[in-house]
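K.L.:
The structure's right below; bear with me while I get my questions together.
Read the figures in this text as sums done on the coordinates, not as results from a lab. Predicted model, so just to flag it, every value in this text is computed and none were measured. Here the Cβ is made from the backbone with ideal geometry for all residues, glycine too, and neighbour counts use every protein chain on show.
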Amino acid sequence: MNGSWQLDGEYFESCNCEVLCPCLLVRGSKPTEGHCDAVVAFHIKSGKYDGTDLAGLNAVTVIYTPESMTAGKWTLGSYVDERANDAQRAALEKIFTAQAGGPLSRFAPLIAHRLPARFAAISFTSEGDTRELSIAGVTEITVQGVAGFNGEQVWLDNVAHFASTRLAAAKGAASHFKDQGLNFNNTGRNGHFSDIHWSNA
């Protein structure tokens, strides 16, 4: 049985769609390339799984879907902060592989293949309109926000997205992932970032 959990932090993603993902506007839309390759990074500022403190830890979820996301047949993998102790690792793995309730749980029926979770040194940095992820030998990603009127960040409000209803529009300045049979180069493609406030309540 899953424990009670909540977390506050930041997320960003890099995917292979053109800027902007059609699925944000029309549920069930096909990705612009016909399939979806996405790397999603998380930094937890504060949070607990039952009595286990998760503050300061990072996690990454990698997703491949051969068609639209709603069509299923997902391949999903996770990377958990190697600084975490055994209890923290177990909690992060459950949360970020859609097995502990909360925002990701709605995708659980769509997952056909779960890759083994891996423990890694995950670097997550956030400064201004730039977000960066690094796992040595696996992924290096930089996304930068899209500037709109007066050079200010473009935000998308009231969107149907698992992370948040308010997302920054962004673009992959550099985006590479290669591991466990998956190989993505999403440089120049779509991205988003946002604060997150999640729980399984």
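K.L.:
Round to the nearest 10 and give me the degree value, 0 to 90, for the angle of helix 86-96's Cα axis relative to the longest principal axis of the chain.
P.N.:
Taking Cα atoms only, the helix is inclined about 40 degrees.
K.L.:
Quick query: amide H of Phe119 versus all other amide H atoms, modeled in the peptide plane; which residues come in under 5 Å with a sequence gap of 5 or more or a different chain?
P.N.:
Val80
K.L.:
Who wins for biggest fluctuation among Ala41, Ala174, Ala147 in a Gaussian network model of the chain, springs between alpha carbons below 10 Å?
P.N.:
Fluctuation is largest for Ala147.
K.L.:
Rg to Rh for the chain: what is it, with Cα atoms only and Rh by Kirkwood? Present the calculation step by step, with values, prior to reporting the outcome.
P.N.:
On the way: Rg = 15.7 Å, Rh = 16.8 Å.
Ratio value, two decimals: 0.93.
K.L.:
Test of the criteria: in segment 34-116, which trypsin sites (Lys or Arg not before Pro) are in a DSSP loop and have at most 16 other Cβ atoms within 10 angstrom of their Cβ?
P.N.:
Details: sites: Lys45, Lys48, Lys73, Arg83, Arg89, Lys94, Arg106, Arg114; in loops: Lys73, Arg83.
Of the trypsin sites (Lys or Arg not before Pro), the ones in loops of segment 34-116 whose Cβ has at most 16 other Cβ atoms within 10 Å are Lys73, Arg83.
K.L.:
Could you pull out every one of the lysines with an alpha carbon less than 24 Å from that of Lys94, ignoring same-chain neighbours closer than 8 positions?
P.N.:
Here the lysines satisfying the reach criterion relative to Lys94 are Lys45, Lys48, Lys73, Lys178.
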